[in-house]
Amino acid sequence: MNEKQTTGHPPIRPGRRPLVERTERATVGRASLEDPRMSCRNVSVFYDSKKAISNITLDIGRNEVIAMIGPSGCGKSTFLRCLNRMNDTIDGCLVTGQVIMDGKNIYDDDVDVVPLRAQVGMVFQKPNPFPKSIYNNIAYGARIHGLVRNREETDELVVGALKRAGLWSEVKDRLEMPGTSLSGGQQQRLCIARAIAINPEVILMDEPCSSLDPIATAIIEELIDELKQNYTIAIVTHSMQQASRISQRTAYFHQGDLIEIGPTEQIFLNPLHQLTEDYITGRFE
Ligand SMILES: Nc1ncnc2c1ncn2[C@@H]1O[C@H](COP(=O)(O)OP(=O)(O)OP(=O)(O)O)[C@@H](O)[C@H]1O
Ligand SMILES: [Mg+2]
């Protein structure tokens, strides 16, 4: 963490050792952060003239789960949407800075957002299955992206995605039923299966468990833990318990600034910044 990332708020408290750089590498793995999956450089977002996030610079390691936490309105969702250009869909929204993936800025003029959003998939707060059958919720995107040529390939892809999302055994006898007939937790796993089906490398999750009960939440958390073997996951959560259970690193946002980022354990047990400590000890929501 360097000073550039902490502008506008009180500095790191004196007497605390700057542990982040050293322990980050130890926890996430050297190769992972030296060859990050995505690199954000000075990313700012404006809604009309109002700045929502300011000069965010951070790397997302390969196959890590990185959690974004912070008070309501601090810019977590705005930042997450920068990673697959979902902010492009919002009128009056301007993104500056760079998000580098595979050596290319995803904001370059020649980047096609359709394959980008397949490569960097998204799961939203409220499960949002298409008004289609369970089968077609998954097959639809795969067909649009030209990933399947016939029914046999489609079947294989649908079954594979449902298995990886931990939903197969619960839906294998009802694939033609509407996706909306499932429980909330099942619908969210269907949405994860839908994202997985189009071969993403990164999955963005914006409070994916906030509408789920504790059992459904636990199932999704287990799933996230398994998915990190094959995918990089960036998750926004209001639950500090959830961040500490599932993420390797945590980023704390406050009023549009990235205050600190580091190994999750360090952020919760030994934060470098007063604002982070105030948040994690519940001094403000
Ligand atoms: N579509 C929009 N148009 C205008 N302003 C917006 C829009 N979306 C977000 N904002 C503003 O940008 C700031 C950051 O919002 P954002 O939704 O990213 O916060 P958040 O950290 O995700 O909050 P929450 O925890 O409540 O979901 C807020 O001040 C919000 O009002
Ligand atoms: Mg949000």
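Please report, in debye to the nearest 20, how large the charge dipole of region 96-154 is about its Cα centre when each Lys and Arg carries +1 at its beta carbon and each Asp and Glu carries -1 there. It would help to have the intermediate numbers written out before the result.
On the way: 7 positive and 7 negative charges, 90 e Å.
Roughly 440 debye for region 96-154.
Evaluate region 62-187: find the radius of gyration of its Cα atoms, find its Kirkwood radius, and give the ratio Rg to Rh.
Values: Rg = 17.2 Å, Rh = 17.0 Å.
When Rh is taken as the Kirkwood radius, the ratio is 1.01.
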#### Entry: Eligible aspartates and glutamates near residue 50 by straight Cα distance, threshold 15 Å, same-chain separation 8 or greater
91, 257
### Message
In whole Hz and in residue order, list the ³J(HN,Hα) couplings for region 250-258 that follow from phi through the Karplus curve 6.51 cos²θ - 1.76 cosθ + 1.60, θ = phi - 60°; x for Gly and Pro.
### Response
10, 10, 9, 9, 8, 6, x, 9, 7
### Summary
So the angle from the long Cα axis of helix 134-144 to the longest Cα principal axis of the chain, reported in degrees to the nearest 10, equals 80 degrees
### Query
Between the helical axis of 184-197 and the dominant principal axis of the chain, each derived from Cα atoms, what acute angle in degrees is found, rounded to the nearest 10?
90 degrees
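Where nothing but the Cβ of Lys and Arg (+1) and of Asp and Glu (-1) is charged, how large is the charge dipole of the chain around its Cα centre, in debye to the nearest 20? Walk me through the numbers on the way to the answer.
On the way: 32 positive and 36 negative charges, 37 e Å.
In debye, rounded to 20, the chain gives about 180.
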### Query
Quick one: Karplus J couplings for region 213-218, per residue in order, coefficients 6.51, -1.76, 1.60, θ = phi - 60°, nearest Hz, x for Gly and Pro?
7, x, 5, 5, 5, 4
## Note on the structure
CD proxy, 222 nm, the chain: helix-only mean residue ellipticity via -39,500 (n - 2.57) per DSSP H run with n ≥ 4, per residue, nearest 500, stands at -10500 deg cm²/dmol
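Provide the per residue accessible area, probe 1.4 Å, for the chain, rounded to a whole number of square angstrom.
Details: 13060 Å² over 285 residues.
Accessible area per residue, the chain: 46 Å².
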### Query
Expressed as an acute angle from 0 to 90° and rounded to the nearest 10, what is the orientation of the C-alpha long axis of helix 151-164 relative to the principal long axis of the chain?
40 degrees
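Based on the alpha-carbon set only, what is the convex hull volume of region 68-107 divided per residue, in Å³? It would help to have the intermediate numbers written out before the result.
Numbers: hull volume 3.2 nm³, N = 40.
Cα convex hull per residue, to the nearest whole number: 79 Å³.
Based on a Kirkwood Rh over C-alpha pairs, give the Stokes-Einstein translational diffusion coefficient of region 155-260 at 25 °C and viscosity 0.890 mPa s in µm²/s. List each step's numbers first, then the result.
Values: Rh = 14.7 Å.
D, rounded to a whole number, is 166 µm²/s.
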### Task
Taking H placed 1.01 Å from N in the peptide plane, check which residues at least 5 places from residue 201 or on another chain put their amide H under 5 Å from its amide H.
120, 121
### Query
How much accessible surface area, in Å² rounded to 10, belongs to the heavy atoms of residue 130 with a 1.4 Å probe?
70 Å²
## Note on the structure
A 1.4 Å probe over the protein heavy atoms gives the chain a carbon and sulfur accessible-area percentage of 50 percent
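Averaged across orientations, what area in nm² does the convex hull of the alpha carbons in region 94-141 project? Before the final figure, lay out each step's value.
Details: hull surface 20.1 nm².
That works out to 5.0 nm², a quarter of the Cα hull's surface.
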### Query
How would 77, 244, 49 rank on accessible area, largest to smallest, probe 1.4 Å?
49, 244, 77
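Using the Kirkwood radius over Cα pairs, work out the Stokes-Einstein diffusion coefficient for the chain at 25 °C and 0.890 mPa s, in µm²/s as a whole number.
Working: Rh = 19.5 Å.
Answer, rounded: 126 µm²/s.
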### Task
Provide 278, 155, 91 ordered by accessible surface of protein heavy atoms (probe 1.4 Å), highest first.
91, 155, 278
### Task
Place +1 on the Cβ of every Lys and Arg and -1 on the Cβ of every Asp and Glu in the chain, take the dipole about the Cα centre, and give the residue among 55, 253, 230 whose Cα lies farthest towards its positive end.
253
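The values are calculated or read from the model by the stated rules, or taken from the named source; none is laboratory data. Keep in mind that this is a model prediction, so the values were computed, not measured. Because the Cβ atoms are built from the backbone with ideal geometry, glycine has one as well, and the counts that use them run over all protein chains shown. Each accessible area value is taken on the protein alone, full model and side chains, heavy atoms only, with ligands, DNA and RNA left out. Shrake-Rupley method; radii C 1.70, N 1.55, O 1.52, S 1.80 Å.
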